[in-house]
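Since the structure comes first, as structure tokens, the remarks are kept for the end.
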Amino acid sequence: MRELSYRDALNEALHEEMTRDPRVFVLGEDVGRYGGVLQVTRGLLDKFGEKRVRDTPISEAGIMGLAVGAAMTGMRPVAEIMYIDFSALAMDQIVNQAAKAHYMFGGKTRVPLVMRTQGGGGRGNAAQHSQSLEMWYVHVPGLIVVQPSTPYDAKGLLKSAIRDDNPVIFIEHKLLYNTAGPVPEGEYLIPIGVADVKRLGNHVTIVATSRMVLFALEAAETLAEQGIQAEVIDPRTLKPLDLATIVQSVEKTGRLVVVNEGALTGGFTAEVAARVQRAAFDWLDAPIMQVATEDVPLPYNGRLEFEAIPSVQDIVLAARGALYWNAG
Amino acid sequence: MNLSRDQLVDLYHRMWLIRYFDEAARALFMGNMLRGTTHTCTGQEAVAVGACAALRRDDYITSTHRGHGHCLAKGGDPRAMMAELLGRVTGYCKGKGGSMHIADLDLGILGANGIVGGGIGLATGAAYSADLRGSGQVVVCFFGDGASNQGILMEAGNMAALWQLPIIYLCEQNQYAEFSPSRPFIAVERLEMKAQAFGMPGLTVDGNDLLAVYQAVRGAVERARAGGGPTFLVAHTYRIEGHTVGDPLTYRPKEEAALWKSPERDPISRFGRRLVGELGFAEADLESLRQKARADIDDAIAFGKASPEPEIAALWEDVYA
């Protein structure tokens, strides 16, 4: 099978969906002429013209507000917010408008929009360009939250997100754009709300999201060398969460490590732990381990930043902890 | 003026419909029949009715927390509205929205909005959508002088002017921003001066003169429909009641509202005088229209009260499409 980068897989999804459906249009800062700060929207302007590939002013609230109104009136906007940190500027549009309209108006309107954005740390972008804010959106009923970790998932999930009739927060990771992986030629979709078992194992389950999936797979290699077979699950969609796939794995392994790049407190790891302990209490042989970012704004200095965000070694130690293999 | 006699009749009836709807809303709220909070637009009827008279059925409006008038002016059904205020399944939102969230997509009503300025962004998006689809639809975005200070207006207004979108930003300067006079919070001398910063024409109109509002909006709508771009229109009016029903109004002199309630300033009285004095209507015609409006609202209340409340299962319905 051919290999594509995460960036090119997303770009291909946009080309395909805009060709398929004239209601789909793209808007955001630098998405047209420049092709997007991460080049995900490259080539769209030439093919689809400026009305469907709209370069906007630096106005995040305006971008998302425009997307909501367009979605309510028959279009399917894909708005790019350059960094998820900047989505804070558009919070009213996302949380009070997009997420609420369908329910609040008694099901009479739909808001089929996608907010494409990227988050995550690890490249020295400091406190306002490195956050993992996915849980802000997971917390809001009415939103769907997707976080693909591979080029294959990125393409199939973006296509599904564009076809979904709900507002979808589609969160990419800034350190995944250059990663490559197999992506088949031709049309395929990945359903929203379905997890993927990225590696099979029967000693411990590791649930990880976004770039942390790559870390978890690396940790699983190390653990295998130590005789521990880890099963790695990528939920791919944080909301709705495919709890059944996670629970099924925990029923097999009896041990769970949850890894997420967001801050520990009030985060994804706590949410999964709470749900799994209720659904699979009798199968658990050890406390659920949480691996998440320290509760600090991310620092610029590399030494400090790498200490703050989860590492492969943190995941190895957590998995060993779940098996009571750590010394002391 | 190019309004037919039937249209004039409809506009006059609609103004009373709004007046009586809000009177009923206030009475129901004071009688503990409504939950949460309710805002009335008494005294501002001419802005809503005059503006919507210049629109096609498929044109869009976005409304505000003070939105009963906009909805009725655009053709909203008083029964479904009253049922919604009463939280019944027959309401516009099946009882899940209430006073601040009435929408009717079939009539182009993209929703009242509980966030001050909340409709501004999505109105601009609807205009962008109309332009993309080449539908010829125009958007009227209602908001108040309080909302004119929200940042979204700067962002959306700039976009609308950049892309010459078919939208009218209609600022109802009712002189109050929630529980304060708005004047001390607006730095420019006249609100329409803000239009210059957005890069679009800024006009002003007597918001208590229905026909003046109609003419001003009609001009802006025609221009927008022809691809001439957005307009910022300020309609001067007065919020006769408080921010919410039950507001003690400690922040303004009592005589002020009395002045605006007088027949010289009241928008319904003013329109009525023109109908009789210049347009050949009889006082008796107007009186029967007023009574019809009263009866329509009484019917809406009865309909709402007779309607069932939602089943508990409705709690989980329509979270996702």
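Partner chain Cβ atoms within 10 Å, averaged over the residues of B:102-113 - can you pull that number for me? Write out the running numbers ahead of the final one.
Values: counts 3, 7, 3, 7, 1, 0, 1, 2, 7, 8, 2, 5.
Averaged over the peptide's residues, the number is 4.
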Please report the net charge: other residues with Cβ closer than 11 Å to the Cβ of A:Thr117, K and R +1, D and E -1. -3
Among B:Cys141, B:Gln215, B:Gly157, the residue whose Cα sits farthest towards the positive end of the charge dipole of segment B:136-217, when +1 is placed on the Cβ of each Lys and Arg and -1 on the Cβ of each Asp and Glu, is B:Gly157
Where q = 0.14, 0.21, 0.24, 0.25 Å⁻¹, what log10 of I(q)/I(0) comes from the Debye formula for segment B:1-83, counting one point per Cα? -0.47, -0.97, -1.21, -1.29
Pairs of lysine in segment A:77-221 with Cα under 30 Å and at least 8 positions apart or on different chains: total? 10
What is the sum of charges, Lys and Arg at +1 and Asp and Glu at -1, for the other residues whose Cβ falls under 13 Å from the Cβ of A:Val183? -3
Scan chain A and hand back the longest stretch that contains none of the GluC sites (Glu not before Pro) lying in DSSP loops with at most 11 other Cβ atoms within 10 Å. A:188-328
For chain A, radius of gyration divided by Kirkwood radius, i.e. Rg to Rh on alpha-carbons: 0.98
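Starting from the Cα gyration tensor of segment A:236-317, multiply each eigenvalue by 5, take the square root, and state the resulting semi-axes largest first in whole Å.
Here the semi-axes work out to 26, 14, 10 Å.
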With DSSP loop assignment and no more than 15 other C-beta atoms within 10 Å, the trypsin sites (Lys or Arg not before Pro) in segment B:121-215 are B:Arg190
Run through all the Cα pairs of the protein assembly as shown and give the fraction in each 10 Å bin from 0, expressed as whole percent. 3, 16, 23, 22, 16, 11, 6, 2, 1, 0
Share of Cα-Cα pairs in segment A:1-118 lying beyond 16 Å, as whole percent: 59 percent
Just to confirm the number: angle between the C-alpha axis of helix A:151-163 and the first principal axis of chain A, 0 to 90 degrees, nearest 10? 50 degrees
Under 1.5 on a/c is rounded, so check that first for segment B:5-307, then, if it is not, pick prolate when a/b is larger than b/c and oblate when it is not; a ≥ b ≥ c are the square roots of the alpha carbon gyration tensor eigenvalues. rounded
If you keep only loop residues by DSSP, which chymotrypsin sites (Phe, Trp or Tyr not before Pro) in segment A:181-282 have at most 13 other Cβ atoms within 10 Å of their Cβ? A:Tyr188
Among B:Arg35, B:Arg19, B:Arg66, the residue with the largest mean-square fluctuation in a Gaussian network model of chain B built from Cα contacts under 10 Å is B:Arg35
Can you tell me what percent of all Cα-Cα pairs in segment B:225-313 are more than 20 Å apart? 67 percent
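Read the figures in this text as sums done on the coordinates, not as results from a lab. Keep in mind that this is a model prediction, so the values were computed, not measured. Methodologically, a virtual Cβ is constructed for each residue, glycine included, from the backbone with ideal geometry; neighbour enumeration extends over all protein chains shown.
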